[in-house]
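To keep things clear, I will list the structure first and then write my remarks on it.
What follows draws every value from the coordinates through simple rules; no lab data is involved. Bear in mind that the values here come from a model prediction, so they are computed numbers and not experimental data. A quick note on method: Cβ atoms are made from the backbone with ideal geometry, for glycine too, and the neighbour counts reach across all protein chains shown.
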Protein chains: 6
Amino acid sequence: MPIVRVEMWTGRTEAQKKELARVITDAMVNIAHTTPEATIVVFEDIEKDNWAQAGKLSSDD
Amino acid sequence: MPIVRVEMWTGRTEAQKKELARVITDAMVNIAHTTPEATIVVFEDIEKDNWAQAGKLSSDD
Amino acid sequence: MPIVRVEMWTGRTEAQKKELARVITDAMVNIAHTTPEATIVVFEDIEKDNWAQAGKLSSDD
Amino acid sequence: MPIVRVEMWTGRTEAQKKELARVITDAMVNIAHTTPEATIVVFEDIEKDNWAQAGKLSSDD
Amino acid sequence: MPIVRVEMWTGRTEAQKKELARVITDAMVNIAHTTPEATIVVFEDIEKDNWAQAGKLSSDD
Amino acid sequence: MPIVRVEMWTGRTEAQKKELARVITDAMVNIAHTTPEATIVVFEDIEKDNWAQAGKLSSDD
């Protein structure tokens with residue numbers, strides 16, 4: 001049942017997402033007692049000029 | 001007032017989205033008693049390598 | 001694979017959500033060619049004082 | 001602590017996003033009494049053929 | 001057309017949300033050149049025990 | 001920079017969320033090479049009558 005949504009800056013590789021999906025799903029199964037099949041992980045790549053902190057776009061940092 | 005957000009793998013055509021928008025809006029109007037004008041549908045196309053189930057990216061299936 | 005998220009003001013009954021889940025899932029299956037089992041619908045009830053349009057909380061309308 | 005997410009049609013320039021990030025962050029700090037550093041603003045550009053109102057894709061308007 | 005979603009810890013008053021809705025909508029109109037009527041702001045109050053930073057729930061801070 | 005959002009049925013304890021926040025943050029740091037301080041995890045508890053799969057509310061299962 002759980003849906004996990006991961007928003008990160010673009011630049012993470014497919015290998016990193018693969019590993020994140022595996023580790024996060026394991027955590028959901030072991031800690032939240034769900035099944036792997038019921039666990040969905042969705043990644044959203046955000047460009048730095050679409051992300052701001054402290055009022056400034058991260059592309060300006 | 002309702003906002004409906006549809007996350008699907010990329011690959012759905014504009015014709016399919018057009019039809020989905022029509023049918024989902026009709027459902028909101030008929031069942032939830034809102035107006036068509038107040039109903040917003042947003043589609044998000046997700047790449048298969050940004051989607052994981054059972055700990056595996058869907059691009060690996 | 002699709003995840004559909006429906007944000008509406010609180011007040012919709014369980015019967016209405018049941019009917020919406022059924023009709024939206026049918027639409028996803030028939031139009032987007034997915035399976036019922038792969039289709040998740042999540043409802044979020046939003047209080048009117050958490051919703052604004054035209055700069056005014058809907059609880060003030 | 002606040003996360004602000006802004007979904008708009010594509011077409012807004014980086015200068016507009018920069019200004020929006022600044023003004024929205026100021027509003028969070030002045031009105032909600034948080035700090036600039038704790039305020040994240042994320043922009044999502046939505047294509048008009050991924051956005052529907054009144055049952056019609058905005059790309060058809 | 002824009003949808004703005006504001007996630008904050010619970011505790012903000014209705015007066016604060018009212019003011020935020022007004023200021024954010026003004027920003028969208030003046031900077032992103034949309035109309036007030038087309039601008040929706042949704043607030044989500046998050047409990048501190050549903051929010052973590054640096055691996056710790058904010059309710060533990 | 002990453003924001004992780006976890007939607008689960010209500011019923012998970014604070015201890016489980018604490019452990020999930022810790023493990024997910026560790027994963028983001030080790031695999032995606034961010035810092036703990038930059039990693040935010042938000043939990044959303046969804047009632048079973050707000051969640052549907054295969055066209056049926058989970059409260060009916």
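Using the Cβ-Cβ distance between C:Asp45 and A:Asp45 with R0 set to 35 Å, the FRET efficiency works out to roughly 0.70.
Distance from the Cα centroid of region E:1-54 to that of region A:9-53 is 26 Å (rounded to whole angstrom). Annotation note: GluC sites (Glu not before Pro) in chain B located in DSSP loop regions with a Cβ neighbour count of at most 11 within 10 Å are B:Glu37. Between E:Glu37 and E:Thr13, the simple label model (points 7 Å from Cα in the Cβ direction) yields a spacing of 3.3 nm. Placing a label point 7 Å from the Cα of F:Asp26 along the Cα-to-Cβ direction, the distances to the matching points in the other copies come to 1.0, 4.4, 4.8, 4.8, 5.2 nm, shortest first. Counting only other chain Cβ atoms within 10 Å of each residue's Cβ, the peptide F:3-15 averages 6. When chain E is turned about an axis onto chain B, which of its residues keeps its C-beta closest to that axis, and how many Å is it? So the closest residue, with its distance, comes out as E:Ile3, 3.
Computed over chain D, relative contact order equals 43 percent, with contacts defined as Cα pairs under 8 Å that lie 6+ residues apart.
With the cut-off at 1.5 for a/c, could you classify the protein assembly as shown from its C-alpha gyration tensor as rounded, prolate or oblate? List each step's numbers first, then the result.
On the way: a/c = 1.31, a/b = 1.00, b/c = 1.31.
Taking the square roots of the gyration eigenvalues as a ≥ b ≥ c, the protein assembly as shown is rounded.
Computed from Cα atoms, the angle from the helix A:14-32 axis to the main principal axis of chain A rounds to 50 degrees. Put simply, the amide H of D:Trp51, placed in the peptide plane, has neighbours under 5 Å in B:Phe43, D:Ser58, D:Ser59, leaving out anything fewer than 5 places away on its chain. Here's how it looks for E:Thr34: its modeled amide H is under 5 Å from those of E:Val29, which are all 5 or more places away or on a different chain. The other copies place their E:Ala38 label points at 2.1, 3.4, 3.5, 3.5, 4.3 nm from this one, listed shortest first, where each point is 7 Å from Cα along Cα→Cβ.
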